[in-house]
Amino acid sequence: MPSFNPPLLNDFARSYGFHYDICDPETLVRDVLIDMERGLKGQPSPLPMIPSYLSPVSQVPPGKTVIALDVGGTNFRAARVHFKETGKPESEGMKKAPMPGTKGRVSAIEFFDQIADLTEPLINESNDQIAGIGFCFSYPMIMRKDGEGIPTSFSKEVDAPEVVGMTMGQGLRDALERRGVKVPGRIALLNDAVATLLSGLGQIPAGGGWNRGEDKYKVAGSPVAGFILGTGFNTAYTEKEIPKIDFYSDTTPQIMVCESGTCAPRYLGVLDKEFDGSTKNPGGYLLEKAAAGAYLGPLTFHILKQAIADGVLQFNRAAEFAAWPALETRTLNEFMYAPLSMEGPIGKLFDRNELDAIRSFAYLASIVTRRGAVFSAAVVAAAVERMDTGHDPFAPARIAVEGTTYMIYKDMREALESYLNIMLNLKKPRSYIIAPVEQASLFGAAVAALSE
């Protein structure tokens, strides 16, 4: 068996165009900013820049109870959320089910009925009066001023074409009314990135960073960006100028949904393009396919199979591995955390005398991860730049994060935060905080249910 040869592996990655070291961080950020500007003006752009018609809300009426729905990703969740007198949210009655359309094609009625299956008992079993429903929908949609949302497409391999173009709130309202359930209050639609942003306003300290003492100077808090890196990928931030809807406000900015998974980074190689062609939506969501959890495992699998074909990666059962029908991100991540244990579907493929092959396997997988991290960091850095938070060390830009890929995918968080620090400090020091927020989609949806 060949020995572990990092220069050879790096050359392989560069030759196929997926090595992170060919990516220029400053160029990546500039590209995203240009696409954002075009999207805000309504010009052709891979970033649709969708207005939310919501302004940042950090306080809600205490004592209220709402239904919060988090519809997206592998699963969707529903819960009652009660806001205590202190304003702190508490969830109860949490329910979870597979995301409609991930187990095969569903009709529009089936789609909304599956959501109503979880929503109905939360309404009927509540001891409190329900003040509204916050509906966090984690897919591209056009927002209306009345709080409705209309999906324009699905990602993450969801198969529900009839739902595209429908009004989501009305679809759920109709499904509940078919069951004889009267919908309490309004149904407010929002994106998961918006929900994360709203959660971050309440959970990440505003002035002075992670200060423990009281701010006696009363420094004004900085804005918040919401960042999703889980099964899918997205960002939201507060925008003062949206020319395409004639919105301009220095005092009350609007939350803007970038749909940043649709970015088309310039640093994509031939294997990325081959992999893209194998997905359900070729040509779309190119950044998401390079960085998000729905695709990292399958993309890495495609690259590893090429390494086997080129003889760069060799082990006794390599042909068996290459013949697998698929490689899930979860399976790859479990291996990457314990590659020497010889456990799990991947670990069991290697013999005890194939340690160098394991090294090569893990090395190539880590290159894919770090390339996803640098792409992700560029999108977040661009959102912070667009918010123009300045460089006040006592008013750090706040970045609220949700997503299992960011939290638990091997090496992703560390690499992303390292690149982000470089990108945000290229010209001069910039104070910022990036932090996960608890139950962001649910709590953010709950806030939106009480927002006007």
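Quick one: would you say Phe4 is assigned to a loop (DSSP other than H, G, I, E, B) and either under 23 Å from the mean Cα position of the chain (by Cα) or small (Gly, Ala, Ser) (or both)?
No.
Filtering segment 232-267 down to residues that are in a loop (DSSP other than H, G, I, E, B) and within 17 Å of Leu296 (Cα to Cα), which residue is most open to solvent (accessible area, probe 1.4 Å)?
The extreme case among them is Ala264.
Tell me, yes or no, whether segment 47-57 has at least one residue that is free of Cβ contacts under 8 Å to residues at least 40 places away in the same chain and open to solvent by 30 Å² or more (accessible area, probe 1.4 Å).
no
Let me spell it out: the conditions are (1) under 30 Å from Thr235 (Cβ atoms); (2) β-branched (Val, Ile, Thr); (3) open to solvent by 10 Å² or more (accessible area, probe 1.4 Å); (4) out of contact with any Lys or Arg (no Cβ under 8 Å at 6 or more places or on another chain), and Ile303 meets all of them except one. Which number is the exception?
Answer for Ile303: the failing condition is (3).
Within segment 268-277, is there a residue that is surrounded by fewer than 21 Cβ atoms within 10 Å (Cβ to Cβ) and under 21 Å from Pro44 (Cα atoms)?
yes
Specify the residue that is nearest to Ala188 (Cα to Cα); the eligible residues are those in segment 108-135 that are among the polar types (S, T, N, Q) and loosely packed, with under 14 Cβ neighbours inside 10 Å.
That would be Gln129.
Going through segment 39-53 one residue at a time, which ones are within 17 Å of the chain's Cα centre (by Cα) and not in a loop (DSSP other than H, G, I, E, B)?
Ile50
Regarding Asp246, is this residue farther than 20 Å from Gly42 by Cα and of a type outside the set (A, V, I, L, M, F, W, C)?
The answer is no for Asp246.
What are the residues in segment 77-98 that are open to solvent by 70 Å² or more (accessible area, probe 1.4 Å) and closer than 18 Å to Pro62 by Cα, if any?
Lys84, Glu85, Thr86, Lys88, Glu90, Glu92
In segment 152-168, is there at least one residue being open to solvent by less than 10 Å² (accessible area, probe 1.4 Å), touching a helix residue (DSSP H, G or I) at 6+ places or on another chain (Cβ under 8 Å) and in a loop (DSSP other than H, G, I, E, B)?
yes
Considering each of Val219, Val183 in turn, give the residue that is surrounded by fewer than 22 Cβ atoms within 10 Å (Cβ to Cβ), touching a helix residue (DSSP H, G or I) at 6+ places or on another chain (Cβ under 8 Å) and farther than 22 Å from Gly293 by Cα.
Exactly one residue qualifies, and that residue is Val183.
So is Phe12 aromatic (Phe, Trp, Tyr) and modelled with pLDDT under 95 or not?
no
Name the pairs: first residue in segment 182-200 and assigned to a loop (DSSP other than H, G, I, E, B), second residue basic (Lys, Arg) and surrounded by fewer than 24 Cβ atoms within 10 Å (Cβ to Cβ), Cβ to Cβ under 9 Å, at least 6 apart or on different chains?
Going by the 9 Å Cβ cut-off, the qualifying pairs are Val183/Arg173.
Looking at Phe321, Phe315 in this structure, which one is at pLDDT 95 or above, among the aromatic types (Phe, Trp, Tyr), surrounded by 15 or more Cβ atoms within 10 Å (Cβ to Cβ) and touching an Asp or Glu at 6+ places or on another chain (Cβ under 6 Å)?
Criteria check complete, one pass: Phe315.
Give, as residue ranges, the helices (runs of 4 or more DSSP H) completely inside segment 350-452 that count at least 1 residues that are farther than 19 Å from Pro25 by Cβ, open to solvent by less than 40 Å² (accessible area, probe 1.4 Å) and touching a Cys at 6+ places or on another chain (Cβ under 9 Å).
Per the criteria, 440-449.
Please verify whether Thr196 is open to solvent by 20 Å² or more (accessible area, probe 1.4 Å), under 14 Å from Ser441 (Cβ atoms) and in contact with a helix residue (DSSP H, G or I) (Cβ under 6 Å, 6 or more places away or on another chain), treating the condition exactly as stated.
no
If you go through segment 3-43, how many residues are touching a helix residue (DSSP H, G or I) at 6+ places or on another chain (Cβ under 7 Å) and open to solvent by 60 Å² or more (accessible area, probe 1.4 Å)?
6
At pLDDT below 95 and of a type in the set (Val, Ile, Thr): which single residue out of Thr300, Thr252 fits that description?
Thr252
The values are calculated or read from the model by the stated rules, or taken from the named source; none is laboratory data. Keep in mind that what you see is a predicted model, and the values were worked out from it rather than measured. Quick reminder, even Gly has a Cβ in these numbers, built from the backbone with ideal geometry, and neighbours come from all protein chains shown. Heads up: the accessible areas ignore ligands, DNA and RNA and are worked out on the full protein's heavy atoms, side chains in. Shrake-Rupley method; radii C 1.70, N 1.55, O 1.52, S 1.80 Å.
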